[in-house]
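Just below is one structure, and these are the notes that go with it.
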Amino acid sequence: MTTKKILMKGNEAVVRGAIAAGCRGFFGYPITPQNEVPEYMSVLMPQAGGVFLQAESEVAAINMVYGAASTGARVMTSSSSPGISLKQEGISYIAACELPAVIVNVQRGGPGLGNIAPGQADYFQAVKGGGHGDYKLLTLAPWSVSECFYLTALAFDLADRYRNPAMVLSDAIVGQMIEPVELPDKIEVNIPPKPWATTGRKGRGKNVINSLWISPDQMEEVNRRLQAKYTLAMEREVRYQELAVEDADLVLVAYGSVARICRTAVDLARSERLSVGLFRPIGLFPFPTLPIQWLAECGKRFLVVEMSHGQMVEDVRLAVNGRAEVIFYGRSGGVVPTPTEILDRIRKTYGRSAGVSHYRLNPGPEARR
Amino acid sequence: MQKVFEKPQALSDTPFAYCPGCLHSVVHRMIAEVIDELGVLDRTIGICPVGCSVFMYEYMECDMIEAAHGRAPAVATGVKRMLPDSVVFTYQGDGDLASIGTAEIVHAAARGEKISVIFINNGTYGMTGGQMAPTTLIGQKSSTCPGGRDAAAAGYPIRVCEMLATLDGPSYITRVAPVDPVGLTKTKMAIKKAFRNQVDGKGFSLVEVLSNCPTQWKMTPVESLSWIDENVVPYFQPGVFADR
Ligand SMILES: Cc1ncc(C[n+]2csc(CCOP(=O)(O)OP(=O)(O)O)c2C)c(N)n1
Ligand code: SF4
C-alpha cells in the first residue's frame, strides 16, 4: 500500500472514498455546500467505469439510487439539508426494501432555505429515521478530510453488511476545509454476493424489490427484521473517540466540525488547569450510549456542544439517564461556536467568570492601531 | 391436440385482482406476450407504480421493483444506467405519471432514457376512489369534482404525448385506444415496438393507452369502452407523435 500526502477538500475526499470502496453509481443534484461532490464525481466516476448522472431533482436522484441499488451495485447520492429533506420519501423506501445505499449530507444552516454556512440541525433527521416509518440510517460523522475518505468507504461496507441505507453526516466546515491527507491508492473492498438483486431473472426465479405489505402481520414482520438489524448494529457498530477523558471531571461531547473546535477548547481549558476532556461520537447511529453511561457512572459531568439548539444532547441525556449533570451549549443558523465561547461556558460550570478572550490576549493588527 | 391459446410465460399464475372489464388486465397480458415474443424475459426488469396496478409485481414473471408514487421513471433510470443490457419498463397510471410524477417522466424523456413506458390513462385515480386526475375531461364527474371538472377551478386535462413530443429525447411516442379489435391490435403493436426499440438500443418509448375504469366511472365495461370512443378519443387523439 503506497501513500502520498496531498491537499484535499472534505467533499473531494468523500468522492475518492466512495470510488475506492467500489461505488459505481452517483445520482445527485446541485446544492451548496456539497457541489464539489457531484463535480468531482462527474469526472472521476466515468474514469472508474461507473455512472454519473445529474438528476432533475433530489427526489429523482434518490429514486435513481433506489433503482440502481436494486441491481446490487454500490451507489450513492449526496446533498445538503434542504435536498436531504426532499430525499426522505426515497430513503424510507430504500430502508423498507432493505437496499444498501449511501447518502451524504453536507449540512448547512436552517431551517427552511437557511443559508450555506455550517449547521448540525439535521441530526434528528439523520439518526431518528427522517422519513416515514420505523427505520434508521447507519450514520457516520467525519471530523476531518481524512475521515471523509475512510468513513464514506466504511458507509458502503455498513450498508452492504446490514442491507440498509447509511448516511455520512458532514457539514459545511468538514466539506469545505482543505487539509493535507495521505490516502491509500487502494483499500480492501469486499462486496458480498447479492442474490436478491433485480438484475434480470436469468438462471434463477424472479426477484422483487418491494415495500408494500398489505397484511399488517407481514408488515410487522418486516419491521421486526429491521429492528433486529438495528439491535445487532447497536452491539457491533459503536464508534467514538476519547481525548483527555480519563482524568477529566467535565467531558465535552461533540461530533463533526464542532468536535474539532471543542478539542481546541479542551486545550485552552487544560492550560487553565481545568480537567476537561472530549468525547466524540464517530457513529451517531448506533450512538455510543454505553461508553457515555460508563463515564457518567465514573462521576463525570457533560457539556454537549452542537451547531443546533440541542439535538444530540437528547441522546446524551438518554445515555446518562439522570446519573450526571448534562449541560448544553449550541449556536445555530450557520453560526459556528468559537473555542473562546466554549471555554467561557466551561469556566461557568466551574463557577469562574468569563475570562478575557485568548484571542484578545494576542491582539491583531487592528487592535494595536 | 394442438394448443392454440395459453398464458404467456411472462405472466405468473396469480389471478388478476382488477375489477371485471378493466383494461389493466388486458394491457398486462399484452406486455407479457411482447416479452415472450421478443424472448427477453430473463433480462427484463419492470417498475410498477402506485395505483390500481401496484401489485403488478405479483402478476409478472420477470424481475420487478415497486416504485414510490410517480417515481418509476427515475427508478427505471437507475436500473437501466447500471444494467445497460437489460430491458426496463415502467407501467404507470395518469395520477402517477401525469400528476405527481411529471418531473420524472419529462426528464426521463428529455434524456432519451432507454426505457419503455406504458402509460394507462383512465382519467381518474382508480385506487383511491375515483378522484379527479390530471387527465379528467372538462365536465367529467369525479369524487373531488362531483359537479364535473370545471376548467376555471381545476384547469385543463394534460395531453402527455403532445407535450413530450416537443422534446428531442424520445424515440417513440404514441397514443392508442384499445376499445375495439382494431384498437386492441394497434395497442399490442405499439407495446411491441416500444419494447423492441429498447432491444435495438433506441431511446425513450412511451405508449399512452386510453383506458377505462368501469368501477369509478360507474359504468358497465361495455359502456366504458363506448364512453372512451365518444368522449375521450376526441380530446386525446390516438396517433404517433414521435418515431425516430
Ligand atoms: C406519495 C403518495 N401520495 C398519494 C398516495 C395515494 N395514492 C395511491 S394510488 C393513487 C392514485 C393512483 O391513480 P392513477 O395513477 O391514475 O392509477 P389508477 O389507480 O387509476 O390505475 C394515490 C394518489 C400514495 N400512495 N403516495
Ligand atoms: S378501480 Fe378502475 S382502474 Fe382500478 S381496477 Fe377497478 S376498474 Fe380498473
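The values are calculated or read from the model by the stated rules, or taken from the named source; none is laboratory data. On a predicted model such as this, the values are computed, not experimentally measured, just so you know. All Cβ positions, even for glycine, are placed from backbone atoms using ideal geometry, and neighbour counts span all protein chains on display. Protein only, heavy atoms only, side chains kept; ligands, DNA and RNA dropped before computing areas. Shrake-Rupley method; radii C 1.70, N 1.55, O 1.52, S 1.80 Å.
Tabulated data
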item: Average other protein chain Cβ within 10 Å of Cβ, residues B:36-48; result: 3
item: The range B:24-243: proportion of alpha-carbon pairs further apart than 27 angstrom, %; result: 25
item: Amide proton proximity set for A:Phe52, modelled H, under 5 Å, gap of 5+; result: A:Phe26
item: Share, in percent, of DSSP beta bridges within the range A:241-349 that are antiparallel, nearest 5; result: 20
item: For the range B:24-243, with +1 on Lys and Arg beta carbons and -1 on Asp and Glu, the positive-most of B:Ser226, B:Thr128, B:Cys161 along the dipole; result: B:Cys161
item: Contact surface B-A: accessible area buried, both sides summed, square angstrom, 1.4 angstrom probe; result: 2600
item: Net charge dipole size for the range B:24-243 [Lys, Arg +1 and Asp, Glu -1 on Cβ; Debye, nearest 20]; result: 280
item: The range A:10-26 - phi-based ³J(HN,Hα) in whole Hz, Karplus 6.51/-1.76/1.60, Gly and Pro as x; result: x, 5, 5, 5, 4, 4, 5, x, 5, 5, 4, 7, x, 5, 10, x, 10
item: Exceeding the 28 Å Cα-Cα cut-off - candidates A:Lys9/A:Lys300; A:Lys194/B:Lys202; A:Lys194/B:Lys114; B:Lys80/B:Lys218; A:Lys300/A:Lys348; A:Lys128/A:Lys202; result: A:Lys9/A:Lys300; A:Lys194/B:Lys202; B:Lys80/B:Lys218; A:Lys128/A:Lys202
item: Residue among A:Phe302, A:Ile261, A:Val276 farthest towards the positive dipole end of the range A:231-321, charges placed on Cβ; result: A:Ile261
item: About the Cα centre, charge dipole magnitude for the range A:241-349 (Lys/Arg +1, Asp/Glu -1 at Cβ), debye; result: 180
item: Positive-end residue of A:Ser70, B:Phe204, B:Ile191, charge dipole of the protein assembly as shown with Cβ unit charges; result: A:Ser70
item: Amide H contacts of A:Ser275 (H built 1.01 Å from N, under 5 Å, at least 5 apart or other chain); result: A:Asp249
item: Beta bridges by DSSP in chain A, antiparallel share as percent, to the nearest 5; result: 30
item: Residues whose placed amide H lies under 5 Å from that of B:Met132, excluding near-sequence neighbours; result: B:Ser143, B:Thr144, B:Cys145
item: Coarse-grained scattering of chain A at q = 0.09 Å⁻¹, given as base-10 log I(q)/I(0) from a Debye sum over alpha-carbon atoms; result: -0.52
item: Estimated 222 nm signal from helices in the protein assembly as shown, with DSSP H stretches of n ≥ 4 weighted -39500 (n - 2.57), rounded to 500; result: -11000 deg cm²/dmol
item: Partner chain coverage, peptide A:90-102 - average Cβ within 10 angstrom; result: 1
item: Max mean-square fluctuation residue, GNM over chain A, Cα-Cα springs under 10 Å, options A:Phe149, A:Phe287, A:Phe328; result: A:Phe328
item: Within the protein assembly as shown: Cβ-based charge dipole about Cα centre, in debye rounded to nearest 20 (Lys, Arg +1; Asp, Glu -1); result: 1000
item: Test item: B:56-66 mean partner chain Cβ contacts at 10 Å; result: 6
item: For the range A:158-263, the spread of Cα positions along each principal axis, largest first, Å; result: 57, 39, 25
